[in-house]
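Worksheet: the structure to be examined is printed underneath.
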Amino acid sequence: MSVSRTRTVYLKKAIVGCPSEDNFEIREENLSELKDGQVLIETHYYSADPFIPGMCASKEFEGKPLNGYISGKILASKNDKYSEGQFVMGLLRAATHIVTSAPFEGLYSCNELFVVEPTDKLKLQSFVGALGMPGLTAWLALRHDLKITKGCTLVVTSAAGAVGSLISQLAKKQGAGKVIGIAGSKEKCDRLVNRYQYDVAVSYKSANYAKELAEACAGGVDCLWDSVGGKTLEMVLGHMKQGGLFIMGGSISNYCLTDEEAKEAKEVQGRIDELITSKNITKTDMAVFQYMNEWNEGIKALGALVAADELVFDESMEEGLENVPQAYRDLFQGKNVGKQLVRIK
Ligand code: NAP
């Protein structure tokens, strides 16, 4: 094996509040000898995904390698399914080099290592973004859960992010009428309208948020994709029609809370539950991991849309393994535009 050492990010301290350098440490270690069934991967890109800090709020993960999606190249293989030189994507860990074997170490039911085929247009980095888990979330949500009827009004939160920037474009293809995006700044709102096919955009940080949201939602909201939770969700639910559809994709405002924040969040959640009941809203939790058997199809479909210039997306890049903490900080402070990545090689 040509490489014998690796550098890996470990979770040092469970994350409370915004992720910081103190939560992580990098350890340099020997790579184990490649055994039958194993592959050695050189990591090129690491994806900073909101669910990772969300999970790392638990002390259970202290002292363990930091999980996450990576894309990279197979340097050596003792597994019949993979060969040297292939490019792969999977839910592994934040490390420069990884020795792993099937069923790969991913969390939930995501333990597959996908072989991917980068081109000039479909870059390796995007296989952990628009062509990977976040893109598949949007694609599969629209295929199964987020039922778009012709001309419907749809609201999307965290709209300028990796998932939200694609939901609008895919929903428009399915005939959505008015798509309203909610994001954290004027610049992001401009991008929603000018680039991601949103009809209207509202910043939840605006001093006039309540008024601007009410204007945008005049006529009522049929469907909602929410991945933020908390007060932003509560306010949108107030504008939903009786019998509307609410797909819950995540709840980033509720990740890594202090005890005090968690107490307040519980009160808000109580009001959210009341609104769902009183408006007879259908609420469905959607997880991209529910549909693992459709991922290969989705990766191809997303790639075809990108190659045909029918789907646009953006990426924000941090440089180097030591900047993984910074990538997570950016994500939780809303500094990312589109998918937040870290270049490892
Ligand atoms: P992202 O939107 O690219 O990045 C996260 C964004 O969340 C930030 O840019 C920021 O945007 C916003 N944000 C951060 N803290 C916030 C807070 N306290 N309140 C409101 N907004 C906040 O991330 P993503 O990868 O696309 O993921 C978005 C959501 O989808 C997350 O909740 C994630 O867990 C969920 N997700 C779900 C699935 C699934 O299978 N259901 C799969 C992937 C992702 P602003 O500047 O606009 O605030």
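Some notes on this structure:
- Annotation note: trypsin sites (Lys or Arg not before Pro) in segment 1-91 located in DSSP loop regions with a Cβ neighbour count of at most 10 within 10 Å are Lys35.
- Couplings 3J(HN,Hα) of segment 137-143, computed from phi: 4, 5, 5, 6, 4, 6, 7 Hz, in residue order, whole Hz [Karplus 6.51 cos²θ - 1.76 cosθ + 1.60, θ = phi - 60°; x for Gly and Pro].
- Of His44, His144, His239, the residue with the greatest mean-square motion in the GNM of the chain, using alpha carbon springs below 10 Å, is His144.
- Remark: the Cα gyration tensor places the chain in the prolate category, a/c being 1.5 or greater and a/b exceeding b/c.
- Per-residue Cβ neighbour rank within 10 angstrom, fewest leading, Ser206, Ser227: Ser206, Ser227
- Residues whose amide H falls under 5 Å from that of Val221, counting only those 5 or more places apart or on a different chain, are Met240, Lys241, with hydrogens built in the peptide plane.
- Rounded if a/c under 1.5, otherwise prolate or oblate - segment 269-336, Cα gyration tensor axes: oblate
- Mean-square fluctuations from a GNM of the chain, with a 10 angstrom spring cutoff on Cα atoms, peak among Ala159, Ala138, Ala14 at Ala14.
- Sparse-neighbourhood loop sites, trypsin sites (Lys or Arg not before Pro) in segment 109-146 - DSSP loop, at most 11 other Cβ within 10 angstrom: Lys121
- Couplings 3J(HN,Hα) of segment 150-166, computed from phi: 4, x, 5, 9, 10, 10, 10, 9, 6, 6, 8, x, 4, 7, x, 5, 8 Hz, in residue order, whole Hz [Karplus 6.51 cos²θ - 1.76 cosθ + 1.60, θ = phi - 60°; x for Gly and Pro].
- Rounded if a/c under 1.5, otherwise prolate or oblate - segment 133-285, Cα gyration tensor axes: rounded
- Cβ-to-Cβ counts within 10 Å put Val324, Val179 in ascending order as Val324, Val179, the fewest first.
- Just checking the listed ones, Ala218, Ala160, Ala327: in the Gaussian network model of the chain with Cα springs under 10 Å, the one fluctuating most is Ala218.
- Which of Cys18, Cys256 has the fewest Cβ neighbours within 10 Å, and the rest in rising order: Cys18, Cys256
- Our note on the geometry: Cα centres of segment 278-345 and segment 130-178, 12 Å apart.
- For Thr100, nonlocal amide neighbours, meaning residues 5 or more places apart or on other chains whose placed amide H falls under 5 Å from its own, are Val39, Ile41.
- Cα long-axis angle, helix 186-195 against the chain (0 to 90 degrees, to the nearest 10): 80
- Sequence-distant aspartates and glutamates (8 or more away, or on other chains) whose Cα lies within less than 17 Å of Lys12: Glu21, Asp22, Glu25, Glu28, Glu29, Glu60, Glu62, Glu322
- Partners of Lys150 within straight-line reach, counting aspartates and glutamates whose Cα lies under 19 Å from its Cα and excluding those fewer than 8 residues away in the same chain: Asp199, Asp222.
Laboratory data are not the source of any read-out in this text; all were calculated from the coordinates shown. Keep in mind that what you see is a predicted model, and the values were worked out from it rather than measured. Glycine gets a Cβ as well: all are built from the backbone with ideal geometry, and neighbour counts include every protein chain shown.
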